Amino acid sequence: MADTLFDAYLPLVLWTGLGLIAFRFVPQALPRLFGRSLYWVGVPWQILALARQTDYAQTLELAPAVTIAALVLGLLLAWVSLQMYQRWLARLPSSDSPQCSQREALPMPLLFMPAGESAIALDTTLPNNLTQTRLNRSQRGSFILAATIGNTGFVGLGLVPALIHPSALGWAVFYSVTHNIIGTYGIGVFLASYYGRSQQQNHWFVQLRDVLTVPSLWAFALGSSTRSVALPEPAEQVLHASLWFVIPGAFLLMGMRLSQLHGWKSIQTALPPTLLKMVILPLAVGLGTTLLRLPGDARLALVLMSGMPSAFAGLILAEEYELDRELIASSIALSTIALLFTIPLWLFFFK
């Protein structure tokens, strides 16, 4: 298991570290352009290749049902936790205190401001004892996304096959596909569109339009419907080459965003969604599949997939819909580190 984790995390550390360094030398607008390129081209390219090469015929129908149940449970837990977290913030120094009055007189820190007015520059001018008393709209959207949407593709399908019996691989693949289509690019896009727009711009048909125009959904439909169509060898090689570009690109983008974190202040808000995503949700899936009497490796596959770190796709959605990138990046960093400790736990309890 140690060798498997090392092989999986080597590219993550390498490319993320390169992104941390590169951000100092590139224009500040580049990460957003990079994220939108992944959203419109990179991720659909990777999903098209995955859809064409995956055989779902032998996969039990219970896998997508468990995936959808996990997504719904994750949403409910995230919403409840968000309300509790905001109530906790409200108990901090009251709005009529001199400290909070001074805080409210200053704008909320924003990313990608002009030179000299960056989020870090604004925030470091504030006294350490001043505390934000309410999450803004974009932060609330990022909070729910980070707690609900997991990295079942890049990290999940890279780790889980080595940890389960080959007969249970179909469960992991079907979980990943269902999670990406219904979760990341269905529910995720709906939430990002809702929280990334002002109240005046929000209408149900706007969110529906955004979901139906997600390029990854069309890529999956195209890939699934053309599985029996043989492509010329050069075209197949181009499709499979997506792994060489999309995954490093996602890691680079994460590194660029992590370079903007402000230490503990950036990590603090990411703790609740990380706890939900990495501990509570997979534990609930494990208990539920135990009650359903699933075979050991099938159960373990679903638990491991539900306990994957917050998705890089959340960062891509944050770029596309102007959500809080910092909270998403912090959650990705925390949950990725937590994965090293949670996988041995799930192997011990559910294998």
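Just a few scattered comments:
- Boolean, ALA172 is farther than 20 Å from GLN86 by Cβ, buried (at least 22 other Cβ atoms within 10 Å of the Cβ) and at pLDDT 80 or above: yes
- Residue in the range 195-215 that is part of a helix (DSSP H, G or I), of a type in the set (Lys, Arg) and either over 30 Å from PHE25 (Cβ atoms) or at pLDDT 80 or above (or both) present: yes
- SER259 being among the hydroxyl-bearing types (Ser, Thr, Tyr) and within 16 Å of ARG52 (Cβ to Cβ): no
- From the options LEU317, LEU275, LEU258, LEU253, residue that is surrounded by fewer than 19 Cβ atoms within 10 Å (Cβ to Cβ) and either over 17 Å from ARG32 (Cα atoms) or out of contact with any strand residue (DSSP E or B) (no Cβ under 6 Å at 6 or more places or on another chain) (or both): LEU275
Okay, residues lined up against (1) hydrophobic (A, V, I, L, M, F, W, C); (2) surrounded by fewer than 11 Cβ atoms within 10 Å (Cβ to Cβ):
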residue	(1), (2)
THR213	no, yes
SER216	no, no
ALA221	yes, no
ARG227	no, no
VAL238	yes, no
ALA241	yes, no
TRP244	yes, yes
ILE247	yes, no
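- Count - residues of the range 226-275 that are over 22 Å from LEU317 (Cα atoms), of a type in the set (Gly, Ala, Ser) and not in a loop (DSSP other than H, G, I, E, B): 1
- Scanning the range 315-331 for any residue that is on the phi > 0 side of the Ramachandran plot and within 19 Å of the chain's Cα centre (by Cα) turns up at least one such residue.
- Out of LEU71, LEU5, LEU50, LEU12, sole residue that is at pLDDT 80 or above and either touching an Asp or Glu at 6+ places or on another chain (Cβ under 8 Å) or not in a loop (DSSP other than H, G, I, E, B) (or both): LEU71
- Hey, ALA121 assigned to a helix (DSSP H, G or I), at pLDDT below 80, closer than 26 Å to TYR185 by Cα and of a type in the set (A, V, I, L, M) or not: no
The values are calculated or read from the model by the stated rules, or taken from the named source; none is laboratory data. Here the structure is a predicted model, which is why all the values come from computation and not from measurement. No Cβ is skipped: glycine too gets one built from the backbone with ideal geometry, and neighbour counts run over all protein chains shown.
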